[in-house]
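None of the figures in this text is laboratory data; all of them are computed from the coordinates on show. Predicted, not measured: the structure shown is a model, and the values here were computed from it. Heads up, the Cβs are rebuilt from the backbone with ideal geometry, glycines too, and the neighbour counts pull from every protein chain shown.
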Amino acid sequence: MGSFKLGTMTIKSIFSKPETVLYPVMEKTAPDGLKGHIANDMKVCILCGICERTCPAGALRVDKAENLWAIDSFACVQCGACTRACPKDCLTMEPTYKKPAASMGEDVFYKPEETEEERAAKEAEKAAKIEAAKKAKEAKDAAKAEETSD
Amino acid sequence: MGQHTVIPFGPQHPVLPEPLHLDLVVDDEVVVEAIPQIGFVHRGLERLTQTRDYNQFIYIAERICGICAFGHSLGYAETIEELMGVEVPKRAEYLRVILHELSRVHSHLLWLGLAADAFGYESLFMHCWRLRERILDVFEATTGGRVILSAVLVGGMVRDQDSSILQMMRDTLEGIKDEYAQLCKAFLEDSSVKNRLVGVGTISTEDALNYSMVGPFARASNVNNDVRCLGRGGYADLSDFQPILETGGDCFARAKVRALEVLQSIDIINEMIDKIPDGPVFEEVKGAPAAGAQACNTLEQPRGECYYYALGNGTKYLERMRMRTPTSVNLAGMATALKGCDLADVNMIVLTIDPCISCTER
């Protein structure tokens, strides 16, 4: 019989586990390397706008005056160019499947207001950095002066 | 003898995955002439090089086609690398070959499924697509995307793949081999398949050369035009590469070439995984292509040879980007294959060139 070459496979598939998942009752487990969707750690973000300039799809909007970072998920092509360009590494690709959206438009995120403690810690860090730079410069000048006196 | 009648076929037709229009001049049930017409999905992607820089355009290049998405981003990246004189790390070259051959496997499995559906073998169609799903899962686990991978950058690859991922790739391919052998048996030995394919839409070797046909369409007519034989990039390190050639020139020969190319691609992937060297996968590219610098490149896509041309203008934006895709070359051969066939065989012949109209119109 020439026309039943697929018989074994077809009969086997009647008894084997279904290949598909009964979505939305069951959900597929996302692999670790999934591109998923872009997430931004707004605490770390400095709103520099490099991601906005890198995005080939124009899906990102950064407004430093308004203190906001916005993403249009419908325009985002999940290429990951923004995550590679981010100088603070606050942009990441979350390896999860996103739920279907109920409405179109951009998701807007605001940079949280700094608490007094955070501001003080930041200023202390800045002062320490300035102090370290000053000391390094002094040491460099001293070494130079020594060299010229020799 | 009846009077000649013109039957419009497409652009919306159940058998056509993409919009192609054919004016079929028929005499009773026999096609006398087929006049193809395209232009329904032109998107002007090449023009976008003027508004997107050469790094950003890679994501547009991979959207030229939904099936050979990886191939187009690879072909484009190689062209820009040649334009700027960039040397790609060896490991990246190997990874590119591995992913490109995986794309070929998924593209051919998709085509085999569509062909089975076209000649009315529904279960064969579903089994082909079921196996293709495994390949798409490999893509998802390795690059993060199923079809649009965004895995290539100018200068290398986005991600490195560790040995466990490469082993997973190898295991998946080994796992589908047995089932694929059964599918091949159905395609190549089943009498109902042969009844629909053997002797249909035959193209001679001479015609294949005259119409400059490319890809499996030409290889089924015994014309060796496989660009992989040139041994560019990672292909240079293959121990032995012999293109799959058939002499029949009919629809059956085209199906056979594609069916066997899947096995060939699996062997290439296994060899590349065995030989892959250690090292970086990305070399940062700085600067812009020089004004007036030109580069061209060819790449063997699943559908055949694709040609890329780029012209720089001293800025990050290219002056000109041009791609000649396999289907645009094969349309002339398709019109020839349709001459003299039965009206009922038109859908089969059109499918056997594996038309990709989105590629053709860009």
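Residues with amide H under 5 Å of B:Leu153's amide H, sequence separation 5 or more or different chain, H placed in the peptide plane at 1.01 Å from N; which?
Residues meeting the amide H criterion: B:Val158.
Once each part is reduced to its C-alpha centroid, what is the distance from the stretch B:94-153 to the stretch A:89-150 in angstrom?
45
Does anyone have the angle between helix B:163-189 and the longest principal axis of chain B? Alpha-carbon axes, 0 to 90°, nearest 10?
10
Between the stretch B:40-65 and the stretch B:275-351, what is the separation of their alpha carbon centroids in Å?
If you average the Cα positions of each part, the centres end up 13 Å apart.
Using a Gaussian network model of chain B whose springs link C-alpha atoms within less than 10 Å, name the residue from B:Ala295, B:Ala259, B:Ala115 with the highest mean-square fluctuation.
With Cα springs under 10 Å in chain B, the top fluctuation among B:Ala295, B:Ala259, B:Ala115 is at B:Ala295.
Nearest 10 degrees is fine. How inclined is helix A:116-149 to the longest principal axis of chain A, computing both from alpha carbons?
Helix A:116-149 sits at roughly 60 degrees to that axis.
Using just the helices of the protein assembly as shown, give the 222 nm mean residue ellipticity in deg cm²/dmol: DSSP H runs with n ≥ 4 each add -39,500 (n - 2.57), and the total is spread over all residues, rounded to 500.
Using -39500 (n - 2.57) per qualifying helix, the result is -13500 deg cm²/dmol.
From the gyration tensor of the Cα coordinates in chain B, what semi-axes in whole Å does the equivalent ellipsoid have, largest first, with each one equal to sqrt(5λ)?
Here the semi-axes work out to 35, 25, 17 Å.
Nearest 0.05, what FRET efficiency do B:Arg47 and A:Ser149 give at R0 = 60 Å with Cβ-Cβ as r?
The formula returns an efficiency of 0.35 here.
Putting +1 on Lys and Arg Cβ atoms and -1 on Asp and Glu Cβ atoms, find which of B:Phe282, B:Phe241, B:Phe252 reaches farthest to the positive end of the dipole of the stretch B:226-290.
The one lying farthest along the dipole's positive direction is B:Phe252.
Would you calculate the separation in nanometres between label points at B:Glu284 and B:Asp162, each defined as 7 Å from the Cα along the Cα-to-beta-carbon direction?
2.5
Relative to the longest principal axis of the C-alpha atoms of chain B, give the angle of the C-alpha long axis of helix B:326-338, reported between 0 and 90° and rounded to the nearest 10°.
With both axes taken from Cα atoms, the answer is about 10 degrees.
Determine, for B:Arg324, B:Arg258, the number of other Cβ atoms within 10 Å of each Cβ, and report the residues in order from fewest to most.
Least to most surrounded, the residues fall as B:Arg324, B:Arg258.
Of B:Leu131, B:Ile148, B:Gln167, which is farthest towards the positive pole of the stretch B:106-179's charge dipole, taken about the Cα centre with +1 and -1 on the beta-carbons of Lys, Arg and Asp, Glu respectively?
The Cα lying farthest towards the positive end belongs to B:Ile148.
Cut-off is 10 Å between beta-carbons; in what order do B:His21, B:His106 appear when sorted fewest neighbours first?
Placing the least packed residue first, the sequence is B:His21, B:His106.
Using the number of other C-beta atoms within 10 angstrom as an exposure proxy, rank A:Cys45, B:Cys251 with the fewest first.
A:Cys45, B:Cys251
Using θ = phi - 60° and the Karplus form 6.51 cos²θ - 1.76 cosθ + 1.60, what ³J(HN,Hα) does each residue of the stretch B:7-22 get, whole Hz, x for Gly and Pro?
Those phi angles translate into 10, x, 10, x, x, 9, 8, x, 8, 8, x, 9, x, 10, 10, 10 Hz.
Return the FRET efficiency for the residue pair B:Asn313, A:Arg53: r is the Cβ-Cβ distance, R0 is 25 Å, and the value is rounded to the nearest 0.05.
So the FRET efficiency works out to roughly 0.75.
Can you tell me the length gained on complete extension of the stretch B:Glu122 to B:Asp240, counting 0.36 nm per residue apart and subtracting the Cα distance?
38.8 nm
Evaluate Rg over Rh across the protein assembly as shown, taking Cα atoms for both radii and Kirkwood's formula for Rh.
Computed over Cα atoms, the ratio is 1.06.
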